[in-house]
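**Q** Here it is, the structure in full.
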Amino acid sequence: QTDGRTDRRQTEDALAAGPRRLPLLPAACAWRMSPAFRAMDVEPRTKGVLLEPFVHQVGGHSCVLRFNETTLCKPLVPREHQFYETLPAEMRKFTPQYKGVVSVRFEEDEDRNLCLIAYPLKGDHGTVDSVDNSDCEPKSKLLRWTNKKHHVLETEKSPKDWVRQHRKEEKMKSHKLEEEFEWLKKSEVLYYSVEKKGNVSSQLKHYNPWSMKCHQQQLQRMKENAKHRNQYKFILLENLTSRYEVPCVLDLKMGTRQHGDDASEEKAANQIRKCQQSTSAVIGVRVCGMQVYQAGSGQLMFMNKYHGRKLSVQGFKEALFQFFHNGRYLRRELLGPVLKKLTELKAVLERQESYRFYSSSLLVIYDGKEWPEVALDSDAEDLEDLSEESADESAGAYAYKPIGTSSVDVRMIDFAHTTCRLYGEDSVVHEGQDAGYIFGLQSLIDIVTEISEESG
């Protein structure tokens, strides 16, 4: 957990220094603001933070953005905000750390690129902390997707190639790129090739299909509403992937029911149909998104929610197996820790009275980067040498063991439709446990156990 006092001191120091340019990013995006933007009610001498797409978002329809290395932000939904501010203490280890609220606005530069910028809420200087965005990609860099075998994404070009490509495409009609994006959105399983030599994690700074789609939709919504509104509240949350070099992420939609008590008849019917036609109705869980690094082929595999809805129970089990398989072998050392965390979470939820986590997801995260196994008393120099060696293909002969604070993480996310008797304005008050969510957890425990036993 972050020390709040340290965060606040860093924040105050950063804000006192006044605005400064962010390195390696187009200055026009954040600092050449239109007169209308400059005239907004913004705290004087505050440093805006240029928000980036969060490249490891694999599911959900709400746009998640990168605030800094350890912090993400997403549009504030009152119910979700209320949940994070009042959640039971024993649930905190199974949810992202809540870090506060910021004001987010968008600006269009002279090239008509849209940028999102976060500011502290008026009167609140404790939420926008110091930030280093030196690792962000230039905005002019375009993603190029090709419909080759396995739908492989082209490898990274040199800066000169990108400038030349950008100028060329500026002269072309925009409909061709839009067609590519439309094809991309319809592709339910994609493979992105990364070079096998060198540091894999440094090559994963591209937007995955789902994060790109959500980011575009969010920008479009804000642009359409700009004449009436250009100030939105976003909540700040812990970036659960920040501790991993090559995050492998599984987003599971939990429970046998997805619609909230406030859903319209049409919305409820639509959500019921989705549950009935997927594994949600049978086992209380379905795949909502996946990103997994396959070391054997040097590819990242993405699976979206549309493919997840089509899976049978056996297909769900195979997808789970694929998530823990690196293309060479099953990462069996992860299964025990996952089972332990799932069992702990189930026990915690069984003690929660009247909570219903409708449409909530469960994230499972581990590091696709593997480290050679070392003795527990190895010194820092040995670990550094092994880290460099593991980047080479020759390191494949070693027995591997992940090194880090945690080999695998399990967290609940997305609480826009959560309800509890503490929320006095709700029309429906539920009693007892969230049986649908707990049923899904037990199914997950059973399937991971099966995979572990069968692979053993």
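**Q** Given (1) under 23 Å from the mean Cα position of the chain (by Cα); (2) open to solvent by 20 Å² or more (accessible area, probe 1.4 Å), where does GLU353 come up short, assuming only one miss?
**A** GLU353 satisfies every listed condition except (1).
**Q** Being open to solvent by less than 40 Å² (accessible area, probe 1.4 Å) and either of a type in the set (Gly, Ala, Ser) or free of Cβ contacts under 8 Å to residues at least 12 places away in the same chain (or both) is the filter here; which residues of the range 427-456 pass it?
**A** Filtering the range 427-456 down to residues open to solvent by less than 40 Å² (accessible area, probe 1.4 Å) leaves 430, 432, 434, 436-438, 440-441, 443-445, 447-448, 451-452.
Matches in the range 427-456: GLY432, GLY436, GLY440, SER443, SER452.
**Q** So how many residues does the range 344-358 have that are within 26 Å of MET290 (Cα to Cα) and at pLDDT below 95?
**A** Residues flagged as within 26 Å of MET290 (Cα to Cα) and at pLDDT below 95 within the range 344-358 amount to 0.
**Q** Now for a different question. From (1) within 23 Å of ASP367 (Cβ to Cβ); (2) buried (at least 17 other Cβ atoms within 10 Å of the Cβ); (3) of a type in the set (Phe, Trp, Tyr), pick out the condition that doesn't hold for PHE234.
**A** (1)
**Q** With the condition being out of contact with any helix residue (DSSP H, G or I) (no Cβ under 7 Å at 6 or more places or on another chain) and surrounded by fewer than 22 Cβ atoms within 10 Å (Cβ to Cβ), I'd like the helices (runs of 4 or more DSSP H) fully within the range 272-347 carrying at least 2 qualifying residues. Explain how you work it out, then say what you get.
**A** Working: elements: 280-283, 305-310, 313-323.
Ranges flagged: 305-310, 313-323.
**Q** Does THR256 satisfy the criteria of being at pLDDT 95 or above, of a type outside the set (Asp, Glu), under 29 Å from HIS417 (Cα atoms) and not in a loop (DSSP other than H, G, I, E, B)?
**A** No, not satisfied.
**Q** Let me ask something else. In the range 43-102, which residue that is part of a strand (DSSP E or B), under 18 Å from MET412 (Cα atoms) and basic (Lys, Arg) is least open to solvent (accessible area, probe 1.4 Å)?
**A** Once the filter is applied, the top-ranked residue is LYS74.
The values are calculated or read from the model by the stated rules, or taken from the named source; none is laboratory data. Everything numeric here is computed off the predicted structure, so don't read it as measured data. Heads up, the Cβs are rebuilt from the backbone with ideal geometry, glycines too, and the neighbour counts pull from every protein chain shown. Note: accessible area is taken over every heavy atom of the protein model, side chains too, but ligands, DNA and RNA are not part of it. Shrake-Rupley method; radii C 1.70, N 1.55, O 1.52, S 1.80 Å.
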